[in-house]
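The values are calculated or read from the model by the stated rules, or taken from the named source; none is laboratory data. Because the structure is predicted, anything quoted here is derived from the model rather than measured. Note that each Cβ is placed from the backbone with ideal geometry, even for glycine, and that neighbours are counted across all protein chains shown.
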Amino acid sequence: MTGVPSLPTLYALLGDPVLHSLSPAIHNAAFRALDIDANYTALKTPADLVGSLMREIAASGGGGNVTLPHKGEAARALDHASDVVTATGACNVFWWDDGLCGDNTDVGAFRAAAEAVVGAGLQGRRVLTVGAGGAARAVVYACLQAEVEALDIINRSRERAESLRRGLGAPANVRVTDPDRLSEAYDVAVNATTLGLRDTDPLPLDLARVNAKAVLDLVYGPGGTPLVTAARAAGLPAEDGRRMLVEGAAASFERWLGVEAPRAVMYEVVGL
Ligand code: NAP
């Protein structure tokens, strides 16, 4: 019917909490830059609605992202999962193509951010990761794909780190250790815990006791994070999670629309 205004295509971030997310600002700026009639919104979502919402939004022509704590739930809801989703058990982007499709852009986005802070590829590097949740899983998988020489994992709950390692086939170059046993020199130390989100959080790593050449914090904040501030004060190159966020957002945008994402616009939104 002519003369009936159409609604913008809906893209959504499903998670809980989602209020603090920069994703709506990043994607809406990208849609505006390319004159695409679409709207990205954050929806606080309970676990039992994740699959049905993904399906409704994607089948109506849109798509979206899934954030914590629902990336596993999202992976289980898919008709077509990418190899990375199958390997990590986590999905953070979805769209429709003859069924509900999903991928995990955290893996490639982490690699881009780590290579930027290290100043070179990850192949043959030594990496230290703190954390054993969903983000750490993407970090470990990306490091394995990149053929790092060694990857040490430390985590508050050691058993969870052991389980993460086992779940990825217990590779020989991945070791679960603890903060008192770190003697190696690392090319990059990564914070993949939630520490740094709140002002009262302790630092995830004591940099005086870690021999690292660079630091990447997956947590992000407008003025950096306490770990990034501490690393820079110690003379180390350091970045917070904004580059990973934008690289993941750009990869999502490209999955949905099949056109190159306007990265410069997206980086500007996060102040990079
Ligand atoms: P998650 O699955 O909930 O895992 C949380 C991790 O933090 C676990 O290793 C947990 O240790 C640890 N942790 C929580 N509180 C702690 C405390 N008080 N002391 C020590 N360790 C603590 O979360 P996630 O999905 O992995 O996300 C982790 C962080 O990465 C979040 O801040 C998220 O925003 C960020 N992230 C950023 C990007 C990006 O694009 N920049 C992408 C993905 C994730 P236990 O196992 O012992 O509980």
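Only residues that are more than 14 Å from the ligand (Cβ to nearest atom), in a loop (DSSP other than H, G, I, E, B) and without any contact (Cβ under 8 Å) to a residue 40 or more places away in the chain: list them for segment 172-229, please.
172, 173, 177, 183, 223, listed by residue number.
Applying the selection to segment 89-116, what residues are within 16 Å of the ligand (Cβ to nearest atom), surrounded by fewer than 22 Cβ atoms within 10 Å (Cβ to Cβ) and either assigned by TED's automatic domain parsing to the domain that holds residue 58 or in contact (Cβ under 8 Å) with a residue 12 or more places away in the chain (or both)?
Matches in segment 89-116: 89, 108, 111, 112, 116.
Just name the residue that is farthest from the ligand (Cβ to nearest atom) out of those in segment 119-142 that are in a helix (DSSP H, G or I) and in contact with a Phe, Trp or Tyr (Cβ under 7 Å, 6 or more places away or on another chain).
Taking segment 119-142 and keeping what is in a helix (DSSP H, G or I), we get 134-142.
Pick out the ones that are also in contact with a Phe, Trp or Tyr (Cβ under 7 Å, 6 or more places away or on another chain) and you get 138-139, 142.
Details: 138: 7, 139: 9, 142: 12 Å.
Going through the qualifying residues, I end up with 142.
May I ask you to verify whether residue 185 is in contact with a helix residue (DSSP H, G or I) (Cβ under 8 Å, 6 or more places away or on another chain) and not basic (Lys, Arg)? Steps first, answer last, please.
Numbers: in contact with a helix residue (DSSP H, G or I) (Cβ under 8 Å, 6 or more places away or on another chain): no; not basic (Lys, Arg): yes.
No, not satisfied.
What is the residue count in segment 47-87 for residues that are more than 19 Å from residue 133 (Cα to Cα) and either surrounded by 19 or more Cβ atoms within 10 Å (Cβ to Cβ) or not acidic (Asp, Glu) (or both)?
Quick first cut of segment 47-87, residues more than 19 Å from residue 133 (Cα to Cα) only: 48-64, 77-83.
Now restrict to residues that are either surrounded by 19 or more Cβ atoms within 10 Å (Cβ to Cβ) or not acidic (Asp, Glu) (or both): 49-55, 57-64, 77-78, 80-82.
Of the residues in that region, 20 qualify.
For segment 121-170, which positions are free of Cβ contacts under 8 Å to residues at least 60 places away in the same chain and among the charged types (D, E, K, R)?
Hits for segment 121-170 are 137, 147, 149, 152, 156, 158, 159, 160, 162, 165, 166.
Within segment 143-171, work out how many residues are part of a loop (DSSP other than H, G, I, E, B), near the ligand (Cβ under 9 Å from one of its atoms) and within 16 Å of residue 190 (Cα to Cα).
Filtering segment 143-171 down to residues part of a loop (DSSP other than H, G, I, E, B) leaves 146-149, 155-157, 168-171.
Keeping just the survivors that are near the ligand (Cβ under 9 Å from one of its atoms) gives 155-157.
Pick out the ones that are also within 16 Å of residue 190 (Cα to Cα) and you get 155-156.
The total comes to 2.
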